[in-house]
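Asks: Once you've had a glance at the structure underneath, I'll fire off some questions.
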Amino acid sequence: MGLVSETRNVAYRAILLAAGLVVLGLLFQQLVTLMLAVLMTVIVAIPLSAGADRLERRGVPRPLGVLAGLLTGLAALALILALVIPPFVDEAEAFIDDVPAVVDDLRDQVHDVTGATTEDIGEQVQEFFQGLVDDPAQLLGRITSIGLSIAAVLAAVILMLITAFYMAVRPEPLLDGALKLFPPARRPHAQHVMGRLRTSWIGWMQGVAVDMVVTGVLLYIGLSLVGLEFAIVFAVVTALLVVVPYFGAIVGGALPVLFALTDTPGKALLVLLVYLAVQQVESNVIIPLVMSRTVRLHPAVIAVGVVLVGQIFGFVGLVVAVPILSALVILVDELWIKPTEERHETERHTAIELPREAEDSRDEPTAPARLG
């Protein structure tokens with residue numbers, strides 16, 4: 001009976017474990033989305049809190065300091081958009097007007113590569129758009145989904161900004177609550193780790209801002225010099241994509257190279273060289289000097305980590321891939337590497353002290369033997 005009861009308990013535990021894994025798998029996507037939203041909110045709240053700390057030391061009430069920081073950030077973003085959007089819209093409209101000619105040129109290029117006749121390619125494109133016309137619900141469904149996605153993103157951004165504002169106004173309850181999760185003896189160390197995370201994430205945000213500005217300006221100058229039309233459109237799109245290190249610039253360079261290919265292969269080669277040059281500046285100057293000093297991540301770790309984070313967390317995770325990687329590196333350093341090194345040093349000192357104590361005991365004079 002005892003063996004049967006033990007076997008039954010093991011079976012029950014296995015079933016419960018399997019059920020728990022299934023539930024965890026079903027909730028994984030929702031949990032990932034929630035974790036990313038919380039992480040983005042914390043990342044926004046950190047610089048707001050840092051700015052409020054400085055203003056508070058000068059006598060400015062903390063809520064006003066946080067509000068001033070938030071409005072300053074939004075004003076800077078609005079100023080950049082005001083400077084970039086008008087020429088961007090003009091060139092984008094001209095680009096859209098030139099799309100038919102670009103499609104014809106690309107059709108000729110596809111014909112040269114694949115051997116398909118231009119009539120076949122044209123018929124396939126026409127059938128695609130005719131299908132959208134014959135089935136308007138398909139087109140409306142796509143447009144509606146895009147509209148709903150944009151509305152959801154805007155609502156999420158507004159909610160994150162409001163939450164970040166209140167987090168920055170009163171961070172103490174949140175920090176105290178997080179510290180209470182640790183034993184009293186470990187709370188100073190936990191506070192030290194949170195300080196490292198804060199410094200790393202602020203450095204990442206500064207690096208991203210510098211990277212976007214420098215990349216956008218260099219690309220606009222380079223593409224203008226080689227005579228590529230719509231240079232500001234391609235420069236702005238690529239500058240926005242650099243939030244994903246290395247791979248964002250590669251993706252952003254594909255469209256202008258293809259567009260230049262519709263003109264001449266030589267111009268496409270020049271555009272490719274411009275993007276490669278800017279990529280070298282980003283990889284060898286901006287990231288090492290601006291980001292690596294604060295985030296303290298090797299470029300190879302960033303490149304490989306971005307791929308892994310994208311596979312686990314999806315496209316949205318790419319936006320905050322570097323903060324996630326920096327958090328993992330800091331936690332591994334604080335929770336495993338440093339304790340391991342401390343234990344090693346302790347064992348080494350102990351191994352050195354023991355032979356010394358043994359030698360000292362041998363050198364001590366012995367008491368004289370008593371006679372009689």
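Asks: Given R₀ = 45 Å, FRET efficiency for residue 57-residue 221 by Cβ-Cβ distance, to 0.05?
Replies: So, using R0 = 45 Å, E works out to roughly 0.65.
Asks: Considering only protein heavy atoms and a 1.4 Å probe, what is the carbon-and-sulfur percentage of the accessible area of segment 150-248?
Replies: Of the solvent-accessible surface of segment 150-248, carbon and sulfur hold 76 percent.
Asks: What does the charge count near residue 241 come to, summing +1 for each Lys or Arg and -1 for each Asp or Glu among other residues with Cβ under 14 Å from its Cβ?
Replies: Cβ neighbours under 14 Å give a net charge of -2.
Asks: Something else about it: Grab the beta carbon distance between residue 213 and residue 151, set R0 = 35 Å, and tell me the FRET efficiency rounded to 0.05.
Replies: My answer for the efficiency is 0.75.
Asks: If you don't mind, another one. Take residue 166 and residue 334, extend 7 Å from each Cα along the Cα→Cβ direction, and tell me the distance between the two endpoints in nm.
Replies: 2.6
Asks: Sorted by accessible area with a 1.4 angstrom probe, largest first, how do 165, 182, 315, 259 fall?
Replies: In descending accessible area the options line up as 315, 182, 165, 259.
Asks: Report ³J(HN,Hα) in whole Hz for each residue of segment 331-338, in order, from the Karplus equation J = 6.51 cos²θ - 1.76 cosθ + 1.60 where θ = phi - 60°; Gly and Pro get x.
Replies: Result, ordered by residue: 5, 4, 5, 7, 9, 10, 5, 4 Hz.
The values are calculated or read from the model by the stated rules, or taken from the named source; none is laboratory data. Only a predicted model underlies this, so the values are computations on that prediction, with no experimental measurement involved. Using ideal geometry, Cβ is built from the backbone for each residue, glycine included, and neighbour counts are taken over all protein chains shown. Note: areas computed on protein heavy atoms with side chains; ligands, DNA, RNA excluded. Shrake-Rupley method; radii C 1.70, N 1.55, O 1.52, S 1.80 Å.
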